[in-house]
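Working notes, structure below.
Just so it is clear, none of the values below were taken in a lab; they were calculated from the coordinates. Note that the structure is predicted; figures quoted are calculated from it, not measured. Because the Cβ atoms are built from the backbone with ideal geometry, glycine has one as well, and the counts that use them run over all protein chains shown.
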Number of protein chains: 2
Amino acid sequence: MNNKEKLRKAGLRPTKQRMIIADILLDGIDRHFTAENLQNEINSSGNSMSIATIYNCLKKFRNCGLIKQVESSKDTAIFDTNINQHHHFLDEETGELIDIENDEVNLHKLPKIPQGYLNNGVEVLIKIKKQI
Amino acid sequence: MNNKEKLRKAGLRPTKQRMIIADILLDGIDRHFTAENLQNEINSSGNSMSIATIYNCLKKFRNCGLIKQVESSKDTAIFDTNINQHHHFLDEETGELIDIENDEVNLHKLPKIPQGYLNNGVEVLIKIKKQI
DNA sequence: TTTTTACTTTAAAATCGTTCTAAACTACTT
DNA sequence: AAGTAGTTTAGAACGATTTTAAAGTAAAAA
């Protein structure tokens with residue numbers, strides 16, 4: 001399926017700007033990035049785009065499940081093109097994130113989901129620090 | 001051990017402001033809160049404090065291990081008085097966090113920590129959403 | 001096709017959480 | 001009691017993100 005079709009399937013109009021972003025992000029390569037990272041990539045690709053549009057797109061893409069946002073208490077939002085359930089190592093010093101595939105973690109026992117709620121995804125974060 | 005001793009033991013001078021905060025936070029009750037929540041509690045207790053001091057204190061308390069900061073991609077930093085390793089349910093709609101005790105989760109298999117790094121804590125986040 | 005409608009993009013301003021600044025203050029040491 | 005190192009403060013500054021409102025564009029209707 002090409003990117004235009006992916007956008008339509010997600011219920012998003014394939015505008016020029018969304019196509020530029022889709023062409024960068026939806027190439028099947030797993031990566032972590034910020035809005036600013038993406039703007040730099042857009043610029044390097046010979047295009048340009050308002051930062052407001054970049055934020056709009058990232059929010060829409062995230063809400064449609066085309067990308068994910070990583071849970072992390074950094075000051076800048078980090079997005080992830082790997083939309084499968086998976087986990088992360090986090091170096092809190094540098095903010096570096098490293099993917100952990102889902103089958104690398106085995107959750108043997110999970111608590112009961114609170115009454116009235118549904119499980120909407122499990123994320124394991126392993127905080128790591130550089131050995132001295 | 002009283003709060004004055006706790007602060008000294010953590011290497012922090014027990015100033016008037018830190019004692020006010022310690023008296024609110026270090027009462028053994030587990031709670032999640034933001035800087036703004038804490039300022040409201042300080043105000044309700046008949047005291048007042050600059051927001052800069054509140055942030056300073058929270059950062060110091062966190063760095064000394066008196067409190068923890070929760071990993072979450074919300075726009076506001078969330079702190080936790082429960083400093084034991086534990087986990088959370090997160091309702092992404094409302095931002096509500098619910099504690100999960102460490103023994104409620106059983107991680108049967110963990111990936112190898114990357115070369116040159118040490119494990120610095122594991123956090124499991126179970127995202128939940130309201131049933132419709 | 002043309003027209004209409006709803007959605008999208010944009011630059012710039014606004015907002016919000018957090019940090020910085022530098023002066024006044026306070027706890028601890030001598 | 002005096003010195004010094006750390007702390008608090010109001011307010012300014014900052015950086016990420018969102019809002020605004022006007023101009024532009026895609027899809028639907030005529």
Please compute the length gained on full extension between B:Leu118 and B:Lys9, using 0.36 nm multiplied by the number of residues separating them and subtracting their Cα-Cα distance.
36.7 nm
Residue-span extension gain [B:Asp75 to B:Asn47] - 0.36 nm each, minus C-alpha spacing
7.4 nm
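Classify chain A from the C-alpha gyration tensor, please: rounded if a/c falls under 1.5, else prolate or oblate depending on whether a/b exceeds b/c. Could you put the intermediate results ahead of the total?
Details: a/c = 2.20, a/b = 1.42, b/c = 1.55.
Taking the square roots of the gyration eigenvalues as a ≥ b ≥ c, chain A is oblate.
Output the relative contact order of chain B, whole-number percent, from Cα pairs under 8 angstrom with separation of 6+ residues. List each step's numbers first, then the result.
On the way: 136 pairs, mean separation 25.7, N = 132.
Rounded, it is 19 percent for chain B.
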Counting only the backbone N, which residues of the range A:79-123 are under 13 Å from the spot 7 Å out from the Cα of B:Gln131 toward its beta-carbon?
A:113-119
Calculated label separations, A:Ala52, copies of the chain, 7 Å along the beta-carbon direction, nm:
3.3
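Report the local net charge at A:Glu41: Lys and Arg +1, Asp and Glu -1, summed over other residues whose C-beta lies under 11 Å from its C-beta.
Around A:Glu41, the charge tally is -1.
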Counting only Cβ atoms, what residue of chain A lies nearest to the axis that sends chain A onto chain B, and how many whole Å off?
A:His108, 2
Relative contact order (%) - criterion: Cα under 8 Å, at least six apart; region: the range B:3-69:
28 percent
Please arrange A:Thr15, B:Thr53 by counting, for each residue, the other beta carbons lying within 10 Å of its beta carbon, fewest first.
A:Thr15, B:Thr53
Tell me the distances, shortest first, between A:Asn63 and the same position across the other copies, using label points 7 Å along Cα→Cβ, in nm to one decimal.
3.9
